[in-house]
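Laboratory data are not the source of any read-out in this text; all were calculated from the coordinates shown. Since this is a predicted model, take the numbers as computed values, not measurements. Cβ atoms come from the backbone with ideal geometry, glycine included; neighbour counts cover every protein chain shown.
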C-alpha cells in the first residue's frame, strides 16, 4: 500500500482510496531537512505548491520565490511570509531544491540565466515546465553535464492541492533527491512516477489536459439543465455535485467505472436511453481521438520547444 498525498493507493489494483488523515505524508514532510526551496517563477502553480507546503508545516522562511513581477512578489510575500526577489540567481544561490515554474517559451533564457550553477554539487532541479525535455534543461543549465533533475507534469487542480502530478527522474538523481522532489510535489496532490520520460506525453494528454475534458462535459450538462427549465444556479450546483460524487464513488469503491455505470443503468430506464444516444454518437471514438490528438501535439510541442531560440 502506497500513501499518496492523502490517498491510499493499492499498487496491485491501481485503486485510489481517500484516507481520513495525511499523517504518513505529514510526518514525511515534517522530517524533511529545513533546507531552502527556490521557486523560479511565482505563477499559479508555484503559488499552489507553496500554499500546500506551508499548510503542511514547512517553514515559509525556507521558501524563496523569484519573479519579474513586483506586484506578484509583494502579494506572495504578504500572503505566505516567504522571501522574494527579482533575481533568479539570488533565489537559486542557497537552495538545495530549485523548482522551475516559468512558461515553456521562457525556459531556455531562464535556465541560461542560472548558468553557471552557483553550488557544487548542484542543487536538485524540479521542472514543471510543460513540454521541455530533460536533455534540453540539462544542456541549458549545465552545458550538457548531467545534473540531478526531476521533470513533473501537474494539472491545474494542483493549484488547490487536488492535482494529479506525474514525475520522472534523470539517472543522476539520487533516491533521497527523488524522495525530496516527491514530498514537495505532493503539496499539490497525488503523485506517481513513470519509468520513461516519453510517457509524460501520454500523461499530458490524459491528466494534464484531462480537467478540460471534464469541464466541457460539465458545461454541456449545466447548459442542458437550464434549457430543460432548471434555474441556472440549481443546474450548476447539481452538475458540480454530480461530478464530485461520481469521482468520490470511483475513488472509494472497489468497482470499476464500467461496473459503477452498470449499477446506475436500469434496463429500459432514463440512464440507458441517454447512454445509448452517447454510444450511437460515437463518444468512445471521439474521446479516444481527442486524447490521441493531445498526445501527438504534446510530442510535437516538445520538439518545437527544444529547437526554439
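Distance in nm between label sites at residue 283 and residue 194, each 7 Å beyond Cα in the beta-carbon direction?
Reported label-point gap for residue 283 and residue 194 is 2.7 nm.
Rounded to a whole number, what is D in µm²/s for segment 100-179 from Stokes-Einstein with the Kirkwood radius over alpha-carbon pairs (25 °C, 0.890 mPa s)? Intermediate values should be presented prior to the final figure.
Working: Rh = 13.1 Å.
In µm²/s, the coefficient rounds to 187.
Any chance you could give the angle, 0 to 90 degrees and rounded to 10, that helix 283-307 forms with the longest Cα principal axis of the chain?
Roughly 10 degrees, rounded to the nearest 10.
Could you list, bin by bin from short to long, the percent of Cα-Cα pairs of segment 169-309 in 5 Å steps?
Per 5 Å bin, starting at zero, the Cα-Cα P(r) for segment 169-309 comes out as 2, 7, 10, 14, 18, 16, 11, 9, 6, 4, 2, 0 percent.
In deg cm²/dmol, rounded to 500, what helix-only [θ] at 222 nm does the chain give when every DSSP H run of at least 4 residues adds -39500 (n - 2.57) and the total is split over its residues?
Mean residue ellipticity at 222 nm (helix-derived): -15500 deg cm²/dmol.
Kindly give the semi-axes, whole Å and largest first, of the ellipsoid equivalent to segment 137-225, taking each as the square root of 5 times a Cα gyration tensor eigenvalue.
32, 14, 10
What whole-number volume per residue, in cubic angstrom, does the convex hull of the C-alpha atoms of the chain give?
That works out to 158 Å³ per residue.
What's the ranking of 209-215, 106-112 by average number of surrounding C-beta atoms within 10 Å, highest first?
106-112, 209-215
Restricting to the chain, what percent of DSSP beta bridges are antiparallel, rounded to 5? Display every interim value, and only then the final one.
Working: 11 of 34 bridges.
Restricted to the chain, the bridges split so that about 30 percent are antiparallel.
Quickly work out the residue 44-to-residue 301 label distance, labels modelled 7 Å from Cα along the C-beta direction, and quote it in nm with one decimal.
About 1.3 nm, to one decimal.
So what's the angle, to the nearest 10 degrees on a 0 to 90 scale, between helix 44-55 and the longest Cα principal axis of the chain?
So the helix axis and the longest Cα principal axis differ by about 80 degrees.
Give me the angle, in degrees from 0 to 90, between the Cα long axis of helix 175-185 and the longest principal axis of the Cα atoms of the chain, rounded to the nearest 10.
60
Under 8 Å for C-alpha pairs, at least 6 residues apart: give me the relative contact order for the chain, rounded to a whole percent.
Across the chain, relative contact order equals 15 percent.
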